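Notes follow the structure.
The values are calculated or read from the model by the stated rules, or taken from the named source; none is laboratory data. This structure is a prediction, so every number in the text was calculated from the model and none was measured. Don't worry about glycine lacking a Cβ; one is built from the backbone with ideal geometry, like all the others, and counts go over all protein chains shown.
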Amino acid sequence: MARLAVALAAGLLLLAVSADASRGRELLQSSKGCPALTVNAVDSYNKAKGTFLDSDCFDQVGTKGSCGSKTGGLCIFSNGQSCFYRARACKPTDSQVLGLFATWNAALKTLNSKTVAALYAPSAVLLPTVSNQYRTTPDEIIDYFDHFLPKGPVGAIDKYEIRHLADGVVQLLGIYTFTMTLQGNAKVQARFSYTYTRQADGKWLIVEHHSSAMPENEAALVMDAFVQWNDALATLNASKVASLYAPTAVLLPTVSDKVRNTPAEIEDYFVSFLKKEPVGVIDNIDGSSPNVRFLAADVAINSGTYVFTLKNDDGTRSKVRARYTYVYKKYGSKYMIEEHHSSVMPETAGKVDE
Ligand SMILES: *[C@@H]1O[C@H](CO)[C@@H](O)[C@H](O)[C@H]1NC(C)=O
């Protein structure tokens, strides 16, 4: 350590740093004495010893004596002297940071929640877009993606900033838009922040990911009301589903003749319907976005088609397509259902081609 400090204090060389954009490595070039450290030099050293990571940078530490015994760096013998370059975690380039997002987005396309969750560090925290739950364990993160991935989300960054907080710590922040490719190509814009840290093996993992709906985007809130309704179905709790209907709501349901206009009648419908363990996906046949329209500042209507997966009496599952109309009214910050009309497809009786 003393030797290292002496070498640094001696200010041996005027150094210039060059970044190799394709590899993200900063390689030192000295004006005299030691040779510039090239990607090739590092790669051939790596082949021999397998020591360095793509995300390593090198600081030139000194030229005195022999550096053969020093660890954590690379020694090159040149012009009769030993040149030592110490490895450290690099500041990643912008393209590397955007590459981390691209990897995450590609993982979404696998529809495998474990593949996505593997991009989060074991200590990661996820504050996701469409769940209130604060998720701090790999299992909780997997659970979130189990619910998110069936929508077929594909993200695109609209706007971003990169902030280097320290060696090995970087943030990517901004706004992204998801296209829900398995949900009628619905688009959802959200704000995001990812904080990544470099792990001991050189890989960058997400330690925090916060994603939130645009607070002023009312159409997204209306779409979110459908997500909440569907999430409530998944709890199989009829009272929870019924709690999403306004006290004055009217329900014209898919599989009951009765017009239901009291909370008790609405809950009663879901007691029977939830026995089929329904899972709904918005699936407008023409592939267009859900038809969210505002009739007033706080009244919105969303209509289209959805496909339900339903459990049959014999335990098998089948799919049925239906038409829906939801009329929502905003109470405080929450859209509640004022009218929900759902009916079987008149020409195909709900048949879904697989
Ligand atoms: C069902 O939902 C209601 C309303 O949200 C809640 O009060 C109740 O505790 C839930 N029941 C169960 C068994 O989770």
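Some notes on this structure:
- Against the list (1) closer than 26 Å to G155 by Cβ; (2) part of a helix (DSSP H, G or I); (3) more than 16 Å from the ligand (Cβ to nearest atom), the condition S193 fails is (2).
- Residue, nearest to V188 (Cα to Cα), within segment 259-286, restricted to residues that are among the β-branched types (V, I, T) and not in a helix (DSSP H, G or I): I282
- Residue in segment 231-247 that is in the same structural domain as K334 (by TED's automatic domain parsing) and farther than 22 Å from V281 by Cα present: yes
- Segment 104-136, subset loosely packed, with under 15 Cβ neighbours inside 10 Å and of a type in the set (V, I, T), residue nearest to M214 (Cα to Cα): T136
- Filtered by the rule that a residue be under 30 Å from L295 (Cβ atoms), without any contact (Cβ under 8 Å) to a residue 24 or more places away in the chain and either hydrophobic (A, V, I, L, M, F, W, C) or in a strand (DSSP E or B) (or both), segment 196-233 gives a lone residue, A232.
- Segment 238-258 - residue that is assigned to a strand (DSSP E or B) and not small (G, A, S) and, of those, nearest to the ligand (Cβ to nearest atom): Y245
- Top-ranked residue in segment 169-190 [being surrounded by 19 or more Cβ atoms within 10 Å (Cβ to Cβ) and part of a loop (DSSP other than H, G, I, E, B); ranked as nearest to the chain's Cα centre (by Cα)]: Q183
- Annotation: of all residues in segment 255-269 being among the hydrophobic types (A, V, I, L, M, F, W, C) and touching a Leu at 6+ places or on another chain (Cβ under 8 Å), the one that is farthest from V344 (Cα to Cα) is I266.
- Any hit, segment 280-295, residues being surrounded by fewer than 18 Cβ atoms within 10 Å (Cβ to Cβ), hydrophobic (A, V, I, L, M, F, W, C) and under 19 Å from P247 (Cβ atoms): no
- Criterion (polar (S, T, N, Q), closer than 30 Å to A156 by Cβ and more than 16 Å from the ligand (Cβ to nearest atom)) met by exactly one of N284, N261, N312, N230: N284
- If you check L310, L295 for being of a type in the set (A, V, I, L, M, F, W, C), on the phi < 0 side of the Ramachandran plot, part of a strand (DSSP E or B) and more than 32 Å from the chain's Cα centre (by Cα), only one passes: L295.
- Filter result (among the polar types (S, T, N, Q) and within 27 Å of T93 (Cα to Cα)) within segment 150-194: Q171, T177, Q189, S193
- Checking each residue in segment 195-221 for being in contact with a helix residue (DSSP H, G or I) (Cβ under 7 Å, 6 or more places away or on another chain) and buried (at least 19 other Cβ atoms within 10 Å of the Cβ) picks out Y196, W204.
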